[in-house]
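The structure appears right after this line, and notes come after that.
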Amino acid sequence: MEKIAVIYWTGTGNTRTMAESIAEGINSAGAAAELFNVSEITPDKTMNFDKLVFGCPSMGAENLEESEFEPFFSKLEASLGGRKVALFGSYGWGDGQWMRDWSSRTTSTGARLFEEGLMAHETPDSESIATCHNFGARFATF
């Protein structure tokens with residue numbers, strides 16, 4: 001059984017809600033998801049997982065959160081080559097440029113990026129939560 005880490009940062013709880021639903025989807029597909037706030041895991045510990053899912057909302061001028069998530073992801077980037085990775089996050093403004101930039105950045109490491117990054121506008125509604133669940137289930141078989 002594949003082990004998948006779902007690692008996220010949240011400010012308002014929106015990205016956490018998405019992470020929980022993605023993890024449930026992964027588990028429903030027969031893989032084993034473990035959910036971590038970015039402060040609960042180290043870049044080294046991520047290497048114990050077969051696949052990685054990262055979640056971070058859009059911040060400021062459509063950037064990743066700068067005090068915890070960005071430093072974590074920066075330390076991990078060199079280790080992503082060949083690994084299966086999925087990205088997700090919520091946003092309140094802009095058009096998703098932060099996700100396009102993050103996807104490009106992740107692909108440039110040699111990671112095998114799953115689909116396009118999954119985005120939810122503001123607080124995820126029931127449709128967004130179902131989409132997250134399905135995203136997780138599909139990633140489990142990627």
Of all DSSP beta bridges located in region 1-127, what percent are antiparallel, nearest 5? 5
Lysine pairs in the chain with alpha-carbon atoms under 13 Å apart, 8 or more places apart or on different chains: how many are there? 5
Spin-label point model (7 Å from Cα, Cβ direction): what's the residue 95 to residue 39 distance in nm? 3.5
The rounded separation in angstrom of the Cα centers of region 1-58 and region 93-142 is 12
Taking the Cα-to-Cβ direction at residue 130 and at residue 50 and moving 7 Å from each Cα, how far apart do the two end points lie in nm? 2.9
Value at 222 nm in deg cm²/dmol, rounded to 500, when DSSP H runs of n ≥ 4 in the chain each add -39,500 (n - 2.57): -11500 deg cm²/dmol
Hey, rough spin-label estimate for residue 116 and residue 2, points 7 angstrom out along Cα→Cβ, what's it come to in nanometres? 2.2
With θ taken as phi - 60° and the coefficients 6.51, -1.76 and 1.60, list the Karplus ³J(HN,Hα) couplings across region 74-86 in order, rounded to whole Hz; mark glycine and proline as x. 4, 5, 8, 3, 5, 9, 8, x, x, 7, 7, 9, 10
What is the set of long-range amide H partners of residue 33 at a cut-off below 5 Å, with H atoms built 1.01 Å from backbone N? 4, 27
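Taken together, the values in this text are just the output of simple stated rules run on the coordinates, not laboratory data. As the structure is a computational prediction, the values presented were derived from the model and not from experiment. FYI the Cβ positions are ideal-geometry reconstructions off the backbone, even for glycines, and counts take in every protein chain you see.
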